[in-house]
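Just below is one structure, and these are the notes that go with it.
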Amino acid sequence: MEGFLMLAINGGHLFDGIGDDFQKNVSVTIEKDKIMNLGYGAKAEKTLDATGCYILPGLIDCHVHINWIPGPDPQGFITGKSDSFIALTSCNMAYRNLSLGITTVRDCCAQTTTGMALRDVIKSGIIVGPNIVTCGPALAITGGHGFFLSAEVNGADNVRAMTRKLFKDKVDFIKLMASGGVYTEGEEPGFPQMTVEEMTAACEEAHKRSKKVTAHAEGLAGIMNALQAGVDGIEHGNMADDEAIEMMVKKGVYLVPTLVCFESMAKPGAADFVVRKSEIMKLASRNMIKKAIQAGVKIAAGTDSSAPNNPPENYFWELELFHEHGMSKLDALKAATSRAAEAIGVDYTGSLEAGKMADILVVEGNPLEDLGNLRKIRYIIKSGQVVVDGDRTYFHRTVNM
Ligand SMILES: [Zn+2]
Ligand SMILES: [Zn+2]
């Protein structure tokens, strides 16, 4: 459906991403790509009937790998492929995320500049997709975790130089590999990788530019090193102990636990080394997340899609796991919207307020009764454009320059 100058969503109950409940019968008026106002019974050029439905901000997945197509060995499929091939296949994942109501993804490492290219093509309006916030390649020690989608760096000066180079290439944030992990052969998640000194250099360069740094950190030593270096976020955090959790709370560091990733990779089907390590990390996470929720760590939703056997559809399961482990359904919705926006450092989306980008999800059941109702999609609006209307999708745009 081509964009309308004025669009209104009428008759639904609205959660703005920040408040404590859905408000009854609130209309949303959209002008071009932005929310103009929230009110009652708005008139517009085009109206969407949301009677009895639930309106909320478009969802945010704080940890995806936009280059990976779901399957048992997503990296195997792209190894040796050109940047052009990978950028084009990544479009499929952009559509797939958006069709779930995920209107923003943070890409937590991609081959060379493919993430930035896709981000910019979507931003230009030529193809339809979610907002993409990307780090480009991660920074990892030589042969370290995820070296295949990383720039390999050693020593603080080298890290500083590469961080500057990444910002020259227009990355949005920096991702550090602070520990080993699951989906890289020949390393253990418990072992630390980048040093405090190396990670401090990256944090200094990023923070000078008001940009964020997040660290893949599964083992305790890696988590503590990253926190000491001054990162803004911890990805996974599986083996965080009470001291690490307390430090995250004190420093206001965001945790993106990606629980579904470890649950999924531990299932049979992926390589033996993946299943073995993931089984251990899955159990560590189940123990850690309860404590982190109770301690009040700022937790945001991310899936780590599409790591082995972990497709983007698992997003809703991640929110359900948060709730199972002690988070209220309201906080789970915030972890998917306003808190996620804070975690990834964007202020234009993640809540429904006048002036914000019109990234909106309308579902046919109350998610505060059952988070699974988020799967019952009626409408998806991305930057003011209706991309899903019931069972019809509008992912094509006629564009003239
Ligand atoms: Zn990771
Ligand atoms: Zn990841």
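The values are calculated or read from the model by the stated rules, or taken from the named source; none is laboratory data. The model shown is predicted, which means the values in this text are computed figures rather than measured ones. In this analysis, Cβ positions are derived from the backbone assuming ideal geometry, glycine residues included, and neighbour counts consider all displayed protein chains. For the accessible areas, the whole protein counts, side chains as well, though only heavy atoms, and no ligand, DNA or RNA atoms are used. Shrake-Rupley method; radii C 1.70, N 1.55, O 1.52, S 1.80 Å.
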### Query
What number of residues in the range 94-115 are open to solvent by 10 Å² or more (accessible area, probe 1.4 Å) and more than 16 Å from ligand 2 (Cβ to nearest atom)?
6
### Query
Is it true that residue 253 is touching a residue at least 60 places away in the same chain (Cβ under 8 Å) and at negative phi?
no
### Task
Residues being more than 16 Å from ligand 2 (Cβ to nearest atom) and of a type outside the set (Val, Ile, Thr): count how many of those fall in the range 48-71.
10
### Message
For the condition closer than 30 Å to residue 386 by Cβ and not in a loop (DSSP other than H, G, I, E, B), what is the one hit in 121, 159, 128?
### Response
121
### Query
Has the range 279-290 got any residue that is open to solvent by less than 30 Å² (accessible area, probe 1.4 Å), among the β-branched types (Val, Ile, Thr) and more than 24 Å from residue 369 (Cα to Cα)?
no
### Residues satisfying the stated conditions in the range 45-84, i.e. of a type in the set (Gly, Ala, Ser) and either open to solvent by 30 Å² or more (accessible area, probe 1.4 Å) or touching a Cys at 6+ places or on another chain (Cβ under 9 Å) (or both)
52, 76, 80, 82, 84
## Note on the structure
Sole miss for residue 217 among (1) of a type outside the set (Ser, Thr, Tyr); (2) open to solvent by less than 20 Å² (accessible area, probe 1.4 Å); (3) away from ligand 2 (no atom under 16 Å from the Cβ) is condition (3)
### Query
If we only count helices (runs of 4 or more DSSP H) wholly inside the range 204-292, which ones have 2 or more residues that are closer than 26 Å to residue 345 by Cβ and more than 16 Å from ligand 1 (Cβ to nearest atom)?
220-229, 242-251
### Query
For the subset of the range 189-203 comprising residues that are in contact with an Asp or Glu (Cβ under 9 Å, 6 or more places away or on another chain) and in a loop (DSSP other than H, G, I, E, B), which member is surrounded by the fewest Cβ atoms within 10 Å (Cβ to Cβ)?
190
### Query
Which of the residues spanning the range 124-175 are open to solvent by less than 10 Å² (accessible area, probe 1.4 Å), of a type in the set (A, V, I, L, M, F, W, C) and over 22 Å from residue 90 (Cα atoms)?
140, 153, 159
### Query
Any idea which residue in the range 294-306 is nearest to the chain's Cα centre (by Cα), counting only those that are away from ligand 2 (no atom under 16 Å from the Cβ) and buried (at least 21 other Cβ atoms within 10 Å of the Cβ)?
299
### Query
Could you say whether any residue in the range 267-275 is of a type outside the set (D, E, K, R), without any contact (Cβ under 8 Å) to a residue 12 or more places away in the chain and touching a Lys or Arg at 6+ places or on another chain (Cβ under 9 Å)?
yes
### Query
Of the residues in the range 117-132, how many are under 17 Å from the mean Cα position of the chain (by Cα) and closer than 17 Å to residue 68 by Cβ?
5
### Query
What are the pairs, 6+ residues apart or on separate chains, where a residue within the range 17-30 that is outside any strand (DSSP E or B) has its Cβ under 7 Å from a residue that is basic (Lys, Arg)?
17/334
#### Entry: Residues located in the range 172-224, provided they are out of contact with any helix residue (DSSP H, G or I) (no Cβ under 7 Å at 6 or more places or on another chain) and small (Gly, Ala, Ser)
180, 181, 186, 190, 210, 219, 221, 222
### Query
Filtering the range 55-101 down to residues that are away from ligand 1 (no atom under 16 Å from the Cβ) and among the β-branched types (Val, Ile, Thr), which residue is farthest from residue 11 (Cα to Cα)?
79
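Pick from 42, 87: which is surrounded by fewer than 24 Cβ atoms within 10 Å (Cβ to Cβ) and in contact with a strand residue (DSSP E or B) (Cβ under 9 Å, 6 or more places away or on another chain)? Talk me through it step by step, then tell me what you get.
On the way: 87 fails: in contact with a strand residue (DSSP E or B) (Cβ under 9 Å, 6 or more places away or on another chain).
That would be 42, the only listed residue that is surrounded by fewer than 24 Cβ atoms within 10 Å (Cβ to Cβ) and in contact with a strand residue (DSSP E or B) (Cβ under 9 Å, 6 or more places away or on another chain).
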